[in-house]
1. Note down the nm distance, to one decimal, between modelled labels 7 Å out along Cα→Cβ at T6 and at M76.
2. Please list 3J(HN,Hα) in residue order for region 31-36, calculated via the Karplus relation 6.51 cos²θ - 1.76 cosθ + 1.60 where θ = phi - 60°; whole Hz, with x for glycine and proline.
3. With +1 on each Lys and Arg Cβ and -1 on each Asp and Glu Cβ, and nothing else charged, work out how big the dipole of the chain is about its Cα centre, in Debye to the nearest 20.
4. Quick one: angle between helix 150-160 and the longest Cα principal axis of the chain, in degrees between 0 and 90, rounded to 10, please.
5. With Rg and the Kirkwood Rh both taken from Cα atoms, where does Rg over Rh land for region 1-51?
6. Per the helix-only calculation at 222 nm, which mean residue ellipticity applies to the chain, given -39500 (n - 2.57) for every DSSP H run of n ≥ 4 and division by its residues, nearest 500 deg cm²/dmol?
7. Please determine, in degrees from 0 to 90 and to the nearest 10, the orientation of helix 165-174 with respect to the longest principal axis defined by the Cα atoms of the chain, where the helix direction is its Cα long axis.
8. How much of the accessible area of region 1-120, in percent, comes from carbon and sulfur atoms when a 1.4 Å probe is used?
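The values are calculated or read from the model by the stated rules, or taken from the named source; none is laboratory data. As the structure is a computational prediction, the values presented were derived from the model and not from experiment. All Cβ positions, glycine included, derive from the backbone under ideal geometry; neighbour counts span all protein chains shown. Just the protein is used for accessible areas: all its heavy atoms, side chains included, with ligands, DNA and RNA removed. Shrake-Rupley method; radii C 1.70, N 1.55, O 1.52, S 1.80 Å.
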Amino acid sequence: MIARLTGIVVEKGDGEAILDVAGVGYRVHLSSASLAALPPVGDRASVRCHTHVREDALDLFGFATEEEEAVFHELMSVKNVGPRAAQNILSGIEPRELAQAVAAADVARLTKVPGVGKKTAERLVVELKEKLVALARAAGPARPRAGAGPLEQLAQALVNLGYRSQQAEEVAATLEGAAEGKRLDELLREALKLLRG
């Protein structure tokens, strides 16, 4: 089984790259994060690999970090989640954020990942909660994502303070009309007043 490849990046495509290793081109499927971590075409790169063998194909799935590879293997242990689905999930959410969402049983966050429906999200929580708990602890409180809107950042900040995800989202939705032009700290103060009031 191929566990690691080191070679020249000769092509980068949608969800995959080709590495030239001693004159042999290996097509490696990569999450968006791992693909972004690859150096430009023409440069040398190393990727960790999972070799997936089927009757009709041999696929290589690559990872920029050991952490992503470990979470990929845990995802594949979940019923009805194969290697493609596992990699799609990791393209939609970082391993540590995934671990935090699973540990917090945050089904709403998980269903925002492309390709993850409610049933799959619930299955991830049930089957992976214990397995990803150490990674969730190592990640610490989730930081609001830079690209998230103010209400999404507010909901995440409330979850970090210990409020349930559903409760946080309801309060954020209540403040939707008042969010325009306000900073996160101002919205947070208003949300806490509502929650304590």
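1. 2.3
2. With coefficients 6.51, -1.76 and 1.60, one gets 5, 4, 5, 5, 5, 5 Hz.
3. Working: 25 positive and 27 negative charges, 104 e Å.
That gives the chain a dipole magnitude of about 500 debye.
4. 90
5. Rounded to two decimals, Rg/Rh equals 0.91.
6. Per the formula, -13500 deg cm²/dmol.
7. Tilt relative to the chain: about 60 degrees.
8. Solvent-exposed carbon and sulfur of region 1-120 make up 50 percent of the total.
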